[in-house]
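The values are calculated or read from the model by the stated rules, or taken from the named source; none is laboratory data. Since the model is a prediction, treat every value here as computed from it, not as a measurement. In this analysis, Cβ positions are derived from the backbone assuming ideal geometry, glycine residues included, and neighbour counts consider all displayed protein chains. The protein model used for the area step is the full one, side chains on, heavy atoms only, and it has no ligands, DNA or RNA in it. Shrake-Rupley method; radii C 1.70, N 1.55, O 1.52, S 1.80 Å.
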Amino acid sequence: ARSDLEFLEERLRRDADGDRARAVADLERVVREHPDHGLASRALVHLLRERERRQEAVQETLAWLRALDPAVATGDVGDDVLIAIAERAAARGDRAAALVALERVLVEHPYPSGQRFDDAIWRLADLDEADGDYARAIAHLEQLLQYVESTGNPGSYTLPRMPAAQLRVARLCRDRLADAGRAAQAFARVYESFPHSTLRDDAMLEEAELWLAQGERTRGCALLERVGRENETGS
């Protein structure tokens with residue numbers, strides 16, 4: 001339970017002889033034996049930080065994560081382990097292994113139950129961009145955006161990266177594909193689909209600038225006026 005994990009965290013902070021090693025062993029038991037418990041993810045973070053504190057080689061941490069993976073694969077912490085594997089594989093330049101881990105997140109921990117579904121898609125788009133495959137990056141991001149729902153529907157919700165993903169699509173269309181029309185539509189979806197996002201003003205301003213650059217002064221100025229009006233009223 002939470003109090004037990006807090007006790008282990010305190011033992012790590014004390015860093016007394018024997019306390020740290022026992023705390024680390026107990027934290028690993030939390031992850032292995034209770035992979036569906038909400039605190040397993042928190043325990044995993046401590047374990048990874050401990051390995052960084054010891055300056056363990058990335059390859060050693062990766063081997064430990066891969067050994068842990070089968071034990072927790074079907075649990076809630078399973079996607080956290082896969083994301084950690086992908087990050088470290090990418091750091092070693094093993095793009096293929098990173099892709100495998102991220103694709104597994106999408107298959108084994110899908111929306112809406114997967115807690116790291118949006119993180120996995122974001123990282124896949126990073127790899128696509130690094131390859132110069134901007135169309136594929138957009139396709140990955142749109143794989144996340146297909147789940148955008150009206151907030152009025154019972155049980156619907158917005159994952160943390162959804163608004164940023166929509167804005168990223170717009171910028172890719174504008175900057176990498178040179179498709180102004182598609183970019184404008186994507187910018188508009190940011191403020192239409194995510195009315196409470198802090199990114200809505202960014203999207204409106206960038207769409208306005210896009211229209212002005214295209215010589216569409218009336219549309220661009222209308223959007224700029226709207227941004228100013230909404231900020232004045234706080235709506």
- Which residues, taken from the range 93-142, are in contact with a Lys or Arg (Cβ under 8 Å, 6 or more places away or on another chain) and part of a loop (DSSP other than H, G, I, E, B)? H109
- Note on the structure: Over the range 62-88, the set of residues in a loop (DSSP other than H, G, I, E, B), within 15 Å of A120 (Cβ to Cβ) and open to solvent by 50 Å² or more (accessible area, probe 1.4 Å) is D76
- Do the conditions hold for Q166, that is, is it farther than 24 Å from L99 by Cα and polar (S, T, N, Q)? no
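Among R136, R168, R176, which is the only one that is open to solvent by 10 Å² or more (accessible area, probe 1.4 Å), farther than 29 Å from G215 by Cα and of a type in the set (K, R)? Steps first, please.
On the way: R168 fails: farther than 29 Å from G215 by Cα; R176 fails: farther than 29 Å from G215 by Cα.
Testing whether each residue is open to solvent by 10 Å² or more (accessible area, probe 1.4 Å), farther than 29 Å from G215 by Cα and of a type in the set (K, R) leaves just R136.
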- When restricted to G220, G181, the only residue open to solvent by less than 10 Å² (accessible area, probe 1.4 Å), over 29 Å from G93 (Cα atoms), at pLDDT 95 or above and not polar (S, T, N, Q) is G220
- Task: Would you be able to tell me the number of residues in the range 31-61 that are of a type in the set (D, E), under 17 Å from A91 (Cβ atoms) and part of a helix (DSSP H, G or I)?
- Result: 2
- Query: So E232 fits all but one of (1) surrounded by 15 or more Cβ atoms within 10 Å (Cβ to Cβ); (2) farther than 19 Å from R182 by Cα; what number is the exception?
  - Reply: (1)
